[in-house]
Amino acid sequence: MKKLLLLTTLLIGCKTEPKQAADQSQNKLPIVGTWKLLSGTLIEKGDTAVTDYTKGTSFIKIINDTHFAFFNHDLTNGKGPSPSYNSGGGRYTLTDSTYTEQLEYCTDRQWEGHTFPFTITIKNDTLVQQGVEKIPAAGIDRLNSERYVRIK
């Protein structure tokens, strides 16, 4: 009798766990994942600069349930004519299509401690985020539009 009770308990326990895991994955925010930046457009003081992030550089953004981090570096291991590396991260909030980053860490330290609201759209594997980046003390006031593709 004890063996039957133990076996029944184990079977019931095993049967309910996959449902719980499925429920948790269904509640995952659509923005959670790893994203590769394809292109970015900055508009500042009437000037527009478009950057193709698929040539000569690699830029990814990793977003979990509470935090984001980004990493960008040149593809020449710092040995080319324009060596570069930058990174940053912090907490974020997402309310409807408003994605707001609270930048806590950044290679360019003057960006730390600032909040940047963006409007996002996600369609299939593409994320577009657009918003104003403003840091008055640094003279930064620009519209930033970025297009990412999901890599995971």
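Numbers below:
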quantity: Cβ-Cβ FRET estimate between residue 85 and residue 121, R0 fixed at 25 Å, reported to 0.05; calculated: 0.30
quantity: Candidates per trypsin sites (Lys or Arg not before Pro) in the range 37-85, loop by DSSP, up to 13 other Cβ within 10 Å; calculated: 45, 55, 79
quantity: Accessible area of the range 20-150 belonging to carbon and sulfur atoms, whole % at 1.4 Å probe; calculated: 52 percent
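The values are calculated or read from the model by the stated rules, or taken from the named source; none is laboratory data. As the structure is a prediction and not an experimental result, all values here were calculated from the model. Cβ: placed from backbone, ideal geometry, glycine included. Neighbour counts: every protein chain shown. What goes into the accessible areas is simple: the full protein's heavy atoms, side chains included, and nothing from ligands, DNA or RNA. Shrake-Rupley method; radii C 1.70, N 1.55, O 1.52, S 1.80 Å.
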